[in-house]
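For reference, the structure is listed below as structure tokens.
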Amino acid sequence: MALDSKVEQQYRAWLNDAGIDGATKAELLSLEGNDKEIEDRFYRDLEFGTGGLRGVIGAGTNRMNAYTVGRATQGLAQFLLNELPEPRSVAIAYDSRNQSPEFALEAALVLAGNGIAAYVFESLRTTPELSFAVRHLKASAGIVITASHNPPEYNGYKVYGPDGGQLVPHMADLVIGEIRDLSFNQIKRLDRAAAESQNLLHWIGKEVDDAYLQVVTAVSQRPEVVKAMSDKLHIVYTPLHGTGNLPVRAALAAVGFEHVHVVKEQELPDSQFSTVKSPNPEERDAFKLALELAARVDADLIIGTDPDCDRMGAVVKDSNGEYFIMTGNQSGAIMVDYLLSSLKEKGQLPADGVVVKTIVTSEMGAVIAQSYGAEVMNTLTGFKYIGEKMTQFDQEGGHTFLFGYEESYGYLAGNYARDKDAVVASMLIAEACAYYKSKGLSLYDVLLKLYAEHGYFLEKLESRTMKGKDGVEQIQGIMSDWRTNPPAEINGRKVVQVLDYSLGLDGLPKENVLKYVLDDQSWFCLRPSGTEPKIKVYFAVCGESVENSKSLLEGLVQSVMKRVD
């Protein structure tokens, strides 16, 4: 293939730019003759979406590197200088991925070059602690360097507003506007010594850690039950080589859990995530070593957290004593029931309590919450929208936030942060396990009980990865096809409602999402991922039994994916 002239121009510009370091130029020179790779690296700028940047690490405009991080930070700095009052400061955290510390420092030094103070964690920390730190330090913004559960070749850059939540679209658009017209030679930067001597670079650690642990453990509902059951309950935990190891264990210990068995092979940070195909607690393979350890210690519960510790997966024993990996919807429903029932029993369930979930999350948790008299609100996919609702509640009053969650293993209880938190979720699911064990029930028993009471809800997610420029066009084509040619029926059921969220439905921001509701109230939803080269298809049914729901779900998935594929 012949290189597009604009792509070649960008490629040559990097090779000839005096500001680009020698190692980067050497990497680019090694690509000579590989036109497809050069095109993929330079056909666009790495897109700054509503959550920030995410991409493969490497040289080029469509890659994560010091230059793209510096450019994004310069745009953020200009936004802060234009839109927010003095004193301006930014809290920065990073995870265990390749070049995370380097990217965090680069962001701090660009902020310093613009006269904005950076407060950087001295070593890796979780994403939810960064959200907390923005609020705790009264910072103007936050940055976390992470690519969540993506493969090892990825890294990312997420931006948080002064409320501790990820930037929502109207704020992100302002930052994107600043970045769009920036060239690399417009990036202002101090070196580390100058930034520290001018009091523009600060290192933070234990004081923020202690404050964070205090607010997390304050969410505990039944510490007396945990203490009574502590010698009878065994928990296996894996941080999957990420940031969760210390804070999750600290939270569990603080509320009284004594038998927490950590998967040694996955305990320490490892940027290659060498023991798993993907460091994602949504994937069964990620629990292979944890399941082996659980069998040895006869664990009641297995907990896994992703690299930046904002997602939590739980595994429990089923009726046959086999380990059963719960979906995010199932774990969320159990936590909704445990939290609200505990508050009600103590007479602390507020009359204006709200549970917030996303449009692709199961209705099971909503039905449970409503059975306790709580209001349920829906948001678009992405925890930033749940955080935005929380901030609205604080500002406007009239609603008390109880719990927020999404099907992709993200949960939050407590008002201390504005992002999903696997630390508090780990503590809550473990506490629920202890409480129900004291009643002679496993979490699987509780799940079956909730099904019998509220309906046999079952969900599934299918995704298709489509990389590169061709993949982007392919995903756009799929969405266009479904949007312009909506089905009249699927799997023998009539489509009774088509929800096109690109039109801005129900007062929600516009987003490229399509949801189809069938005449039996089952539904499916098509959504391009905002952080990965994927299209995701969500499915949900509610049958008369577990077996009936499985059958309904299988038929719906097959019918829809036949057209997607």
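The values are calculated or read from the model by the stated rules, or taken from the named source; none is laboratory data. Since we're looking at a predicted model, the values are computed, not measured. Every residue, glycine as well, gets a Cβ built from its backbone with ideal geometry; the counts of neighbours run over all protein chains shown.
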Picking from THR400, THR391, THR381, the residue that is surrounded by 22 or more Cβ atoms within 10 Å (Cβ to Cβ) and assigned by TED's automatic domain parsing to the domain that holds ALA333 would be THR381
Would you point out the residue of the stretch 148-176, among those that are of a type in the set (D, E, K, R) and touching a residue at least 40 places away in the same chain (Cβ under 8 Å), that is surrounded by the most Cβ atoms within 10 Å (Cβ to Cβ)? LYS158
Reported set for the stretch 249-273 where residues are hydrophobic (A, V, I, L, M, F, W, C), outside any loop (DSSP other than H, G, I, E, B) and touching a residue at least 12 places away in the same chain (Cβ under 8 Å) is ALA250, ALA251, LEU252, ALA254, VAL260, VAL262
Condition first: under 18 Å from ALA194 (Cβ atoms) and crowded, with 24+ Cβ neighbours inside 10 Å. Now tell me which residues in the stretch 85-103 satisfy that. VAL90, ILE92
If TYR409 passes every condition in (1) surrounded by fewer than 24 Cβ atoms within 10 Å (Cβ to Cβ); (2) at positive phi but one, which one does it miss? (1)
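Look through ALA139, ALA107, ALA59, ALA147 and report the one residue that is farther than 27 Å from GLU27 by Cβ and of a type in the set (A, V, I, L, M). Steps first, please.
Details: ALA107 fails: farther than 27 Å from GLU27 by Cβ; ALA59 fails: farther than 27 Å from GLU27 by Cβ; ALA147 fails: farther than 27 Å from GLU27 by Cβ.
Selected residue: ALA139, the only one of ALA139, ALA107, ALA59, ALA147 that is farther than 27 Å from GLU27 by Cβ and of a type in the set (A, V, I, L, M).
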Within the group ASP298, ASP231, ASP306, which residue is crowded, with 17+ Cβ neighbours inside 10 Å, of a type in the set (Asp, Glu) and either in contact (Cβ under 8 Å) with a residue 12 or more places away in the chain or out of contact with any Phe, Trp or Tyr (no Cβ under 8 Å at 6 or more places or on another chain) (or both)? ASP306
Those helices (runs of 4 or more DSSP H) completely within the stretch 157-233 that have 2 or more residues that are within 30 Å of TYR435 (Cα to Cα) and at pLDDT 95 or above are 206-217, 223-229
Evaluate the stretch 382-392: report whether one residue or more is assigned to a loop (DSSP other than H, G, I, E, B) and within 18 Å of the chain's Cα centre (by Cα). yes
Give the stretch 317-333 a look and list any residue that's crowded, with 19+ Cβ neighbours inside 10 Å and either touching a residue at least 60 places away in the same chain (Cβ under 8 Å) or not in a strand (DSSP E or B) (or both), or say none. LYS317, MET326, THR327, GLY328, ASN329, GLN330, SER331, GLY332, ALA333
In the stretch 530-564, residue farthest from LEU458 (Cα to Cα) [restricted to those that are surrounded by 15 or more Cβ atoms within 10 Å (Cβ to Cβ) and among the polar types (S, T, N, Q)]: THR531
Top-ranked residue of the stretch 12-43 - restricted to ones that are within 18 Å of GLY468 (Cβ to Cβ) and touching a residue at least 40 places away in the same chain (Cβ under 8 Å), ranked as surrounded by the fewest Cβ atoms within 10 Å (Cβ to Cβ): TYR43
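Can you tell me which residues in the stretch 410-469 are part of a helix (DSSP H, G or I) and touching a Cys at 6+ places or on another chain (Cβ under 7 Å)?
Across the stretch 410-469, the qualifying residues are ALA422, VAL423, LEU443.
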Scan the stretch 281-316 residue by residue and report those that are in a loop (DSSP other than H, G, I, E, B) and in contact with a helix residue (DSSP H, G or I) (Cβ under 8 Å, 6 or more places away or on another chain). PRO281, GLU282, ALA299, ASP300, ASP306, ASP308, CYS309, ASP310, ARG311
Can you go through ALA18, ALA59, ALA2, ALA23 and tell me which one is assigned to a helix (DSSP H, G or I) and not assigned by TED's automatic domain parsing to the domain that holds SER274? ALA23
Unmet criterion (only one of (1) surrounded by 24 or more Cβ atoms within 10 Å (Cβ to Cβ); (2) within 18 Å of the chain's Cα centre (by Cα)) for GLU283: (1)
How many residues does the stretch 87-104 contain that are closer than 21 Å to THR24 by Cβ and part of a loop (DSSP other than H, G, I, E, B)? 3
Within the stretch 258-277, restricting attention to residues that are closer than 17 Å to ILE302 by Cβ and within 21 Å of the chain's Cα centre (by Cα), which residue is surrounded by the most Cβ atoms within 10 Å (Cβ to Cβ)? GLN266
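Tell me the residue from GLU37, GLU83 that is closer than 27 Å to PHE121 by Cβ and not hydrophobic (A, V, I, L, M, F, W, C), please.
Numbers: GLU37 fails: closer than 27 Å to PHE121 by Cβ.
The unique qualifying residue is GLU83.
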